[in-house]
Amino acid sequence: MCARYEISPFVIEKVKALAESRAEVCDEIAEGEYRPSRQALVLAGQDGSLTAAAMSWGYPRWDGKGLIINARSETILEKRSFRQSALRTRCVVPASTFFEWDYSREPVLFNVPEQPVMFLAGIWDHFGGEDRFTILTVEANDSMRPYHDRMPLILEESEIRRWILDDEGFRALLQKEMPRLHAWKETEQLSMF
């Protein structure tokens, strides 16, 4: 699961460095916390290259009530609402941390140790004149399981092009092993000062 995430100035600079086109979009995106429905920075594909884009987080629900902010990686190729996006319009959502609420409903922050940028696998589509994305999730690994049963599908920087641009090779990444995460509660971090 992934319900909120943060981007730091370093994340924005990293996307500028990776984007082969439209890097100026990065200047329109603010650092800080991102919630569903907010427009955010993503990497997508355009004419065989990586491009920076601003898209809104969440697919509209079929009943018009709310947003679908996550999609299970195990079923995206089977679900009618995600299949075409998975096959044709994949993206990467850069983040410095993501938030999840643990089983006692307290917010917990997560990152990959020693990596200032996480690359979350996503898919996107066009809805009502707007590009929108959702973040893919997988079953939680041992580092995440004490807090939640799902976690984002996290890519290595070296896997970004394959995820976005390789219409066959991306499939293997749906089953990749997830990295160990560092978890902390905001109250724990504040008590360190």
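Where a number appears in this text, it was derived from the coordinates with a stated rule and is not lab data. This one's a predicted model, so the numbers in the text were calculated from it and none came from an experiment. Here the Cβ positions follow ideal geometry from the backbone for every residue, glycine too, while neighbour counts run over all protein chains shown.
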(message) Take the conditions of a type in the set (Phe, Trp, Tyr) and surrounded by fewer than 19 Cβ atoms within 10 Å (Cβ to Cβ) and apply them to Trp57. Does it pass?
(response) no
(request) Only residues that are among the small types (Gly, Ala, Ser), farther than 27 Å from Asp149 by Cα and surrounded by 15 or more Cβ atoms within 10 Å (Cβ to Cβ): list them for the stretch 28-53, please. (result) Ala44, Gly45, Ala52, Ala53
(message) Go through (1) within 16 Å of the chain's Cα centre (by Cα); (2) of a type outside the set (A, V, I, L, M); (3) on the phi < 0 side of the Ramachandran plot for Asp27 and report which single condition fails.
(response) (1)
(request) Give the stretch 64-108 a look and list any residue that's closer than 15 Å to Ile154 by Cα and among the hydrophobic types (A, V, I, L, M, F, W, C), or say none. (result) Ala71, Cys91, Val92, Val93, Ala95, Phe98, Phe99
(request) Please enumerate the residues belonging to the stretch 124-143 that are more than 16 Å from the chain's Cα centre (by Cα) and farther than 28 Å from Leu50 by Cα. (result) Asn141, Asp142, Ser143
(request) Could you please find all residues in the stretch 80-99 being surrounded by fewer than 22 Cβ atoms within 10 Å (Cβ to Cβ) and in contact with a Pro (Cβ under 8 Å, 6 or more places away or on another chain)? (result) Ser96, Phe99
(request) Report the residue count in the stretch 144-171 for those that are under 17 Å from Ala71 (Cα atoms) and over 12 Å from the mean Cα position of the chain (by Cα). (result) 7
